[in-house]
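Worksheet: one structure, shown below.
A short reminder: the numbers here are calculations on the coordinates, not readings from a lab. Fair warning: this is a prediction, and the values are worked out from it, not measured in the lab. Cβ: placed from backbone, ideal geometry, glycine included. Neighbour counts: every protein chain shown.
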Amino acid sequence: MRVLLFLYLFLIPVCCSPKLTNSHSKNNETQLYDCHVHLMSPGLISDWKAIGIPFGRTEANYFNIDTILSNVGATKIDLIGMGYVYENPEYFQGENPKEKLQEENDYLLETTSKYPSKVRPFITVNPLRDYSNDEIERCFQSNKGIGLKLHFNASQVYLTEPEHLEKVKSIFEKASELQLPILLHFDNWHPKFGKDDLALLVDSVLANLRPIKINMAHFGTSGGFSDKTKAFIVAYEKLRDKISERHTIYLDISAVALDKNSEGMNKLSDEEFKILNTYIHKIGIKHILFGTDYPLYNASKYEEILLQKVGLNKKEIQIIQTNSKKWMNE
């Protein structure tokens, strides 16, 4: 069930909401760059419906790029494929998961080709599969502007397992070779997940790696703002000086500042929003990216939460947006 929580985190709020609105004014001077937007193919939606996963909105909200762009309301987005779910039996019990993953990546690449200046595709692989580097290369030959999404929770990656660590190293080396940015869902939901995993990432994966750009999704965890989030931020702060300056590391705030309940995640109290503000400044505004985890939020609504609930000021929001713009090579 813990593996499933990330799915419900961005599906359930949309299913329960009658409409996603884009309240961002065209006259607003702030351009919004959203580094965390999800895409599902019609095939994946059909497969999930077949195992009873609920969708409360029309399918276009999940697979149609025009609908997604209209809903999100951002200047440019990183659009994330979800083919990794086919490698996990909780999501798929059928045959040929490799082919299904490839189909999902192909759908992502085809979809984003309609708006190459507004949408950057993040293809996905399961880093524990032997064919993953070949799949990265295959997608790269189709679009050299791709990024790579790794989801350690869905793929059940444990860096504390030597075999897993070596496979992850190989994937990072491939991404570095091709100069692909990585969006990393680092949390694997193991009860002991935390500083040891982060230390292995820093000391074993990144230490001798050629330059790479990484976005740590959801402040390093799986969304919400909990003791685990705080512990990760503290551990990251202690290890940050050990990360080589040749690497570019950001943390995105997507699905952290929850003003509504999601499956398995409680909305933040007023006091928790205040505490979140202090941890944001522990990380440092210059190290944070903006992301909505769409369809959880749209860009204007999440910006409003950061301003009104978390208490960031407009200058801080602009810095986060400038970071996001740089991350997208704008």
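For this structure, a couple of remarks:
- Size of electric dipole in the chain: Cβ of Lys, Arg +1 and of Asp, Glu -1, about Cα centre, debye, nearest 20: 1000 debye
- Pairs of Cα atoms in segment 197-305 fall into 5 Å distance bins, from 0 up to the last occupied one, in shares of 2, 11, 22, 24, 18, 11, 8, 3, 0 percent.
- Projecting the Cα atoms of 324, 217, 162 onto the charge dipole of the chain (Cβ charges, centred on the Cα centre) puts 324 farthest toward the positive pole.
- Cα→Cβ-extended label distance, 7 Å offset, between residue 144 and residue 161, nm: 3.6 nm
- Correct choice for mean projected area of the Cα convex hull in nm² that was computed from the model, options [x] 17.5; [y] 15.0; [z] 30.3: [y]
- Projected label distance in nm at residue 55 and residue 67, using a 7 Å step from Cα toward the beta-carbon: 0.7 nm
- Exceedance of the 31 Å cut-off in Cα-Cα distance is limited, within the set 174/301; 260/314; 230/301; 149/267; 144/274, to 174/301; 144/274.
- One decimal place: the segment residue 281-residue 245 gains 10.9 nm when fully extended, by the rule 0.36 nm per residue minus the C-alpha distance.
- Global form of segment 31-182, assessed from the alpha-carbon gyration tensor, a/c cut-off 1.5: oblate
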